[in-house]
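See structure below.
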Amino acid sequence: MNIITQIKSAASIAIEALYGIQLAPEAILINATKPEFTGDYTVVLFSFVKQLKKSPEVLGEEIGRKLVDNQPDLFTGFNVIKGFLNLTVADFYWRTFLDENAGNPDFGRLPATGHKVMVEYSSPNTNKPLHLGHLRNNFLGYSITEILKAAGNEVFSSCVVNDRGIHICKSMIAWQLFADGATPESTHTKGDHFVGEYYIKFNDEYKRQVKTLVDDQKLEPELAEKQAPIMEATQKMLLDWEEGKPEVIALWKKMNEWVYAGFDVTYAAIGSHFDKIYYESNTYLLGKDLVETGLQKQVFYKKEDGSVWIDLTADGLDEKLVRRKDGTSVYITQDIGLAEQKQKEFNIDQSIYVVGDEQNYHFKVLKLICQHLGLPSADGIFHLSYGMVELPSGKMKSREGTVVDADELIADMITIARDKTEELGKVQDFASEALTALYQTIGLGALKFFLLRVDPKKKMMFNPHESIDFHGFTGPFIQYTHARIKSILRKVESKEASASALPQTPTPTAQPSKLLKQEKDLLVALEQFPATIQEAATEQDPSKIAIYIFGVAKLFSAFYADLSIINAETPEKMHFRTELAKLTGRVIKNGMQLLGIQVPEQM
C-alpha cells in the first residue's frame, strides 16, 4: 500500500472517529504539497466541508491533530493553509520503505489481475520497408505491452501483416517490368528495401504513363489514371491473385518472403516481437458469416442493389457499408471477423489496436458494430490512437521515396551516439566490441525515448540530434545517470571490501539521523513507481513512464551533486545512501525496460 493510499485510509478513519461520518477513502483527494509550503502531502478539505458542517480551517486542525496523535510513525506534523491540510510524513516511513524495497528486483510490478489483453501493433505492408512512422507504432506497441504486464495483466502481442491488395501487386508488376530477374541476394540488398524500390519504380512509371496519355492523347487526368497500361496490368494481377493463378501466387510468395526476411532484421534490431502474426491473405474473408448473422438479427440491412449496411446514426455516426453488392468484404468486415477470432483464440478481455489517428473513425465504427452484434470482444476494443511523426522537412510519402527509412535512421542514430560519446572523451577504457554495443544502446535508447516521451495522441516533430543530449530530457541523460549510479556502487563495494580486510573494532549503533531534503525528495519519487506504472497502464500512455523516470534521474543528479555517498558523514549515512542509490538504479533500469530501452553499466 503506497503512502497516498495510506493517507486516504487514515483520513477516512479519522473523520469517522471525529464526526461519526463514513467517507470512502477514494473520495478523499490527496495531492503532493506545493514546494512553497511545509509538508509532503496535502488533504483537500473543500469537498466535504458541507457534509461535515465545519469550516476548512477547523476541519484541518482537528483532522491533522487526530492523524498525528493516532499515527506518529506515519505523520510527524501538519499545518493548515486556506482549507488545505498539509501533512509531513515521518522519516520512519521512508526508511522502512527503503529497507523493504532496496533489495527487491521486481519493485514496481503489481499483483496479477487475471485480466487478459492483446496488443496489436506494427501492421506493415509488404511492399516497402519500415519507416519512422512504423517506429513510433512499434515502440508504443512494445512499451504498452510491457507496461500492462507490469501492471499485473496477462498480455499477448500480435501483428497483422498487410500482404495482399493492389499495393502489393504494384511492386510485383514493377519487378516483372524492370528487375530482369534481380533478387536481394544478387543485388546485396535487404529484402524489404529491394521490394520497396520496385514500389517506387511503379509510381515513377505510372506518373510517366499518365502524363503521356494526358499530353499526347489528350485524355482527361482521371481517365488517364485508369487507362495507364501499368495500372491496368496491376488490376489484372490482383484479379489473377484472387483467382489463385499459380504463377502469380508463386511470385507473390517469393516477394513477400524477401520482405519478411527484411522485417525480421529490423524487428530484431528494435526489439519488437509478437506472440501471434496474422496475415491479411488468411483473414480477409473473415467476417462474412457475421454479416449473415447481423442480417438475421436486423443489426444490418440490405439495400436494393444487394449491398449490406449498418445504420449508426443513432450512435452519432452515419451509415456504414459492411458488404459490397458483388458480395465481397470491406476492411471493416475483416476486422470484425478478426476481432471475434482473437477473442476465441486467446479468451481476451481487452483488444488494443495501436494505429495512427487517421483511423479514429474506423475504430469507433468497429467497436459499435461488434457491440451491436453482441460479440464477447466488443466492450474491450480500445484504439490506442497516436499522432503522426513529422520531420523539419515536412510529411513523408512512401510511394515517392521520401520516407525516413527505419534501418537508415537507426544506423544514423548509432553514428550520432558514437560521435557525441567520443566528444566527451570517456571511451578509452572500452574494448572495441563493448563500444559498438554501447553506441547501439545509446542510439536506440535516444530514438525510443524521444518518440515515447510525448503523449501518444499528439503529433510530434523528430530531430535526431536533439534526441541525443547527455544533459536534456533524453534517453542518454537517463542512461548516463544509471551508469553513474553503477560506478558509485562499484566504488562503495571496493571501499567496503578494503575496510573488511582491516581489524574491526566494535562501534556503538548510531541513531538514524534526520533525512535531508535531497534524500527525502528522492525517496518520495521512488515510492511513486508502482502508482506511475498503474497510471500509465490505465491511460495507455508510455510517456507517463518516460516523464517519471526522467524526474527520478534529475532528482538523483541533484542529490549526488550535494551529498556524498562514499565519503558520507557517518557509516550509517553511507549505508543509507548506498541503498538509496541501489533502489534508484533499479527503478531507472526497470522503468526504461518498460520503454524497451536498455541502460548501460558503464558510459
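The values are calculated or read from the model by the stated rules, or taken from the named source; none is laboratory data. Bear in mind the structure is a predicted one, so any value in this text is a computation, not a measurement. With ideal geometry, Cβ positions are generated from the backbone for all residues, glycine too; neighbour counts draw on all protein chains shown. Just so you know, the surface numbers come from the protein's heavy atoms only, side chains and all, with ligands and any DNA or RNA stripped out. Shrake-Rupley method; radii C 1.70, N 1.55, O 1.52, S 1.80 Å.
Overview of results
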| quantity | calculated |
| --- | --- |
| 0 to 90° range, to nearest 10: angle between helix 517-527 axis and the chain longest Cα axis | 50 degrees |
| Pairwise centroid distance, computed over Cα atoms, of the range 310-379 with the range 540-567, Å | 43 Å |
| Order by protection proxy (mean Cβ within 10 Å, highest first), peptides 177-188, 158-169, 280-291 | 158-169, 280-291, 177-188 |
| Relative contact order (percent, whole number), the range 1-126, Cα cutoff 8 Å, 6+ residue spacing | 19 percent |
| Eligible lysines near Lys66 by straight Cα distance, threshold 17 Å, same-chain separation 8 or greater | Lys8, Lys54 |
| Over the range 216-309: Rg over Rh, Cα atoms, Kirkwood Rh | 1.12 |
| Packing rank of 115-121, 203-209, 432-438, where each peptide gets the mean count of other beta carbons within 10 Å, highest leading | 115-121, 203-209, 432-438 |
| Accessible surface ranking that places the most exposed of Leu148, Leu424 first, with a 1.4 angstrom probe | Leu424, Leu148 |
| Measure of compaction for the range 148-277 (Cα Rg per 2.2 N^0.38 Å) | 1.33 |
| Mean projected area in nm² (Cα convex hull; one quarter of hull surface) for the range 528-583 | 4.1 nm² |
| Sparsely packed trypsin sites (Lys or Arg not before Pro) within the range 312-395, loop by DSSP, other Cβ within 10 Å at most 11 | Lys395 |
| Net charge dipole size for the range 508-603 [Lys, Arg +1 and Asp, Glu -1 on Cβ; Debye, nearest 20] | 140 debye |
| Orientation-averaged projected area, Cα convex hull of the range 255-404 (nm²) | 11.8 nm² |
| P(r) of the range 334-448 over all Cα-Cα pairs, binned every 10 Å from zero, in whole percent | 11, 26, 19, 22, 15, 6, 1 |
| For the range 403-506: span of alpha carbons on each principal axis (Å, largest first) | 68, 34, 19 |
| All-pairs alpha carbon distance profile, the range 446-568, 10 Å steps from 0, percent | 11, 30, 31, 17, 8, 3, 0 |
| Separation of the Glu242 and Val330 label points, Cα + 7 Å toward Cβ, nm | 1.5 nm |
| 0 to 90° range, to nearest 10: angle between helix 166-178 axis and the chain longest Cα axis | 60 degrees |
| Size of the range 92-153 as Cα extents on the principal axes (Å, biggest first) | 60, 26, 15 |
| Nearest-ten-degree value, helix 56-70 long axis tilted from longest Cα axis of the chain | 70 degrees |
| Value in Å of the Kirkwood radius, where the chain supplies the Cα pairs that are averaged | 28.3 Å |
| Selected from Gln479, Ile30, Gly108, residue furthest toward positive end of dipole (the chain; charges at beta carbon) | Ile30 |
| Segments 141-147, 481-487, 264-270 sorted - mean Cβ within 10 Å per residue, highest first | 141-147, 481-487, 264-270 |
| Percent of C-alpha pairs per 5 Å bin, the range 293-353, short to long | 4, 15, 21, 23, 19, 13, 5, 1 |
| Sparse-neighbour loop sites [GluC sites (Glu not before Pro); the range 303-363; at most 14 other C-beta within 10 Å; DSSP] | Glu304 |
| Lysines with Cα under 23 Å of Lys491, excluding same-chain neighbours fewer than 8 positions away | Lys426, Lys554, Lys573, Lys582, Lys589 |
| Cα centre as origin, Lys/Arg/Asp/Glu Cβ charges: the chain dipole, Debye | 960 debye |
| Dimensionless Rg/Rh of the range 31-148 - Kirkwood Rh, Rg from C-alpha atoms | 1.24 |
| Value of D in µm² per second that Stokes-Einstein yields for the range 414-461, Kirkwood Rh from Cα pairs, at 37 °C (0.692 mPa s) | 274 µm²/s |
| The chain: antiparallel DSSP beta bridges as a percent of all, rounded to 5 | 50 percent |
| Residue-averaged [θ]222 nm for the chain, counting only DSSP H segments that reach four residues, each worth -39500 (n - 2.57) | -18000 deg cm²/dmol |
